Amino acid sequence: MNYFKAGLIVFFCLIAIYSKAQNLPTAVDNTISTTEDIDRILTSADFNYIDIDADPFTSVRISQLESAGSLYFDANSNGIIDGGEDITLNQDILIININQLKFKPAPNANGFGYSNFGFMVDDGNDGLSAAQYIMTIDVTAVNDNPYIVNNTGIIVNEGSVNQVIASALLQTNDVEQAAGAITYTITAIPTNGNLQINAITLGIGDFFTQTDINSNFINYDHNGSETITDGFTFTVADGVGGSIVATSFVINITAQNDNPVLATNTGKTVNEGAASQIIPNTELQVTDADNTTAQITYTLTAVPANGTLYNGITPLIAGNSFTQANINSNNLNYSHNGSETLTDAFTFTVADGSGGTIGATTFSIT
């Protein structure tokens, strides 16, 4: 055997083995996608890793930071960007941890080519790829539901009209849609008044827009009843699938004193010389929506000339008073003085004790 020749063969084989060319890994630019407001979890396949030596993909380096949104390493896998989790320039991520590399779009943001970042791949043997590659991220838009900004209700006076429901009281916003597309549909109407748009009363199923509210076109009229609350119920739609379920708008009513009302004043017919002729509430009655019969007070401004007016057995003179409760109890009575007269009368004013009054009024006696 020629040992010298054999040694040369082994020597040149070793040279061939140890002089093998270094083959750096490569990759291919890629585009991935996610949905608006949804994180995208990166996978090893997203990076299009290539290695002609079949060396395994061991890590990726973020060589250019994201242009929009947030690229982060979710160390505790809670889907929240906690302190220290934002990716920094040239940070290396091991492939065994690649599913903790996540991209979060900004809230409500979307668009094709919304963001991108640069990366390089590493095979753990020959080193990083020579080139940088670009990962583009598309974010698919989704419709966002409208949301209520203001729903304070309104306070109105009893009997008041044209009370404007402005945007400071009722306002709905939508990220994608304009005020004119935000539609309120009435599902329950006020019971003690009317809801109107430009003086037209709205009924169940009718609608108005946020633009109408912004333009001060929506108003409420109270019907003057002795009520302290009212309201209406509505749903909201944005025209492209977003909605808000039935919601109430509350109307609080501040009571106002109502003037007393002369409901009955028929006068009375008596015989000459007749005594203790009762004046019942079928002949003289004042009503008041806010006050009791004991609070409704008659004050005499002129007394009968041909007889005497009594409250019970007490004769009344100018300036004396009696109440509707006295009349209702049949205490008010008149006695004629027997003179040859055909008519008599007394004059009174009325007050309800809360500011409501009736001016001088005459009760006639024949």
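The values are calculated or read from the model by the stated rules, or taken from the named source; none is laboratory data. What you see is a predicted model; the values in this text were computed from it and never measured. Here the Cβ is made from the backbone with ideal geometry for all residues, glycine too, and neighbour counts use every protein chain on show.
Among the residues of segment 250-267, not a single one is at pLDDT 95 or above, hydrophobic (A, V, I, L, M, F, W, C), surrounded by 12 or more Cβ atoms within 10 Å (Cβ to Cβ) and closer than 15 Å to Tyr334 by Cβ.
Restricting the first member to segment 126-142 and to residues that are among the aromatic types (Phe, Trp, Tyr), and the second to residues that are assigned to a strand (DSSP E or B), the beta-carbon pairs closer than 6 Å and six or more apart or on different chains are Tyr133/Phe119. Going through segment 150-168 one residue at a time, which ones are among the aliphatic types (A, V, I, L, M) and either within 14 Å of Phe234 (Cα to Cα) or in contact (Cβ under 8 Å) with a residue 60 or more places away in the chain (or both)? Those that are among the aliphatic types (A, V, I, L, M) and either within 14 Å of Phe234 (Cα to Cα) or in contact (Cβ under 8 Å) with a residue 60 or more places away in the chain (or both): Ile154, Ile155, Val156, Val161, Ile165. Taking the criterion of being among the polar types (S, T, N, Q), surrounded by fewer than 16 Cβ atoms within 10 Å (Cβ to Cβ) and touching a residue at least 40 places away in the same chain (Cβ under 8 Å), the residues of segment 45-76 that qualify are Asn48, Ser67. Selection within segment 79-107: residues that are exposed (fewer than 11 other Cβ atoms within 10 Å of the Cβ) and farther than 29 Å from Pro56 by Cα. The member of this set that is modelled with the highest pLDDT is Gly83. Within segment 78-91, which residues are without any contact (Cβ under 8 Å) to a residue 40 or more places away in the chain and under 35 Å from the mean Cα position of the chain (by Cα)? Within segment 78-91, Asn78, Ile80, Ile81, Asp82, Gly83 meet the criteria. Annotation: of all residues in segment 288-305 being under 18 Å from Ala318 (Cα atoms) and in contact with a helix residue (DSSP H, G or I) (Cβ under 9 Å, 6 or more places away or on another chain), the one that is surrounded by the fewest Cβ atoms within 10 Å (Cβ to Cβ) is Thr297. Kindly indicate whether any position in segment 181-197 is within 30 Å of Gly353 (Cβ to Cβ), outside any strand (DSSP E or B) and either among the basic types (Lys, Arg) or in contact (Cβ under 8 Å) with a residue 60 or more places away in the chain (or both). Yes, because at least one residue in segment 181-197 is within 30 Å of Gly353 (Cβ to Cβ), outside any strand (DSSP E or B) and either among the basic types (Lys, Arg) or in contact (Cβ under 8 Å) with a residue 60 or more places away in the chain (or both). Asp126 - would you say it is over 23 Å from Ser70 (Cα atoms), modelled with pLDDT under 95 and among the acidic types (Asp, Glu)? Yes, satisfied. Test Thr201 against the criterion of being exposed (fewer than 15 other Cβ atoms within 10 Å of the Cβ) and more than 17 Å from the chain's Cα centre (by Cα), and give yes or no. Taking the combined requirement at face value, the residue satisfies it. Scanning segment 117-134 for residues that are surrounded by fewer than 20 Cβ atoms within 10 Å (Cβ to Cβ), polar (S, T, N, Q) and out of contact with any Phe, Trp or Tyr (no Cβ under 8 Å at 6 or more places or on another chain) turns up just one, Asn125.
Hey, could you check segment 198-232 for residues that are farther than 19 Å from Leu169 by Cβ and touching a Gly at 6+ places or on another chain (Cβ under 6 Å) and say which is modelled with the lowest pLDDT? Among those residues, the one meeting the criterion is Gly224. Checking Val250, Val245, Val236 one by one, the residue that is hydrophobic (A, V, I, L, M, F, W, C), in a strand (DSSP E or B), in contact (Cβ under 8 Å) with a residue 24 or more places away in the chain and under 13 Å from Pro146 (Cα atoms) is Val236 and no other.
Whether any residue in segment 37-50 is small (Gly, Ala, Ser), at pLDDT below 95 and either over 18 Å from Ala106 (Cα atoms) or in contact with a helix residue (DSSP H, G or I) (Cβ under 6 Å, 6 or more places away or on another chain) (or both) is what I want to check. The answer is no, given that none of the residues of segment 37-50 is small (Gly, Ala, Ser), at pLDDT below 95 and either over 18 Å from Ala106 (Cα atoms) or in contact with a helix residue (DSSP H, G or I) (Cβ under 6 Å, 6 or more places away or on another chain) (or both). Can you find a residue that is in contact (Cβ under 8 Å) with a residue 60 or more places away in the chain, crowded, with 17+ Cβ neighbours inside 10 Å and closer than 30 Å to Thr152 by Cα anywhere in segment 268-287? So far as segment 268-287 goes, no, none of its residues is in contact (Cβ under 8 Å) with a residue 60 or more places away in the chain, crowded, with 17+ Cβ neighbours inside 10 Å and closer than 30 Å to Thr152 by Cα.
Residues in segment 288-305 that are of a type outside the set (A, V, I, L, M), touching a residue at least 40 places away in the same chain (Cβ under 8 Å) and part of a loop (DSSP other than H, G, I, E, B) were compared, and the one that is farthest from Asn330 (Cα to Cα) is Asp290. Meeting the requirement of 2 or more residues that are in contact with a Lys or Arg (Cβ under 8 Å, 6 or more places away or on another chain) and either of a type outside the set (D, E, K, R) or surrounded by 19 or more Cβ atoms within 10 Å (Cβ to Cβ) (or both), the strands (runs of 3 or more DSSP E) wholly within segment 311-366 are 357-365.
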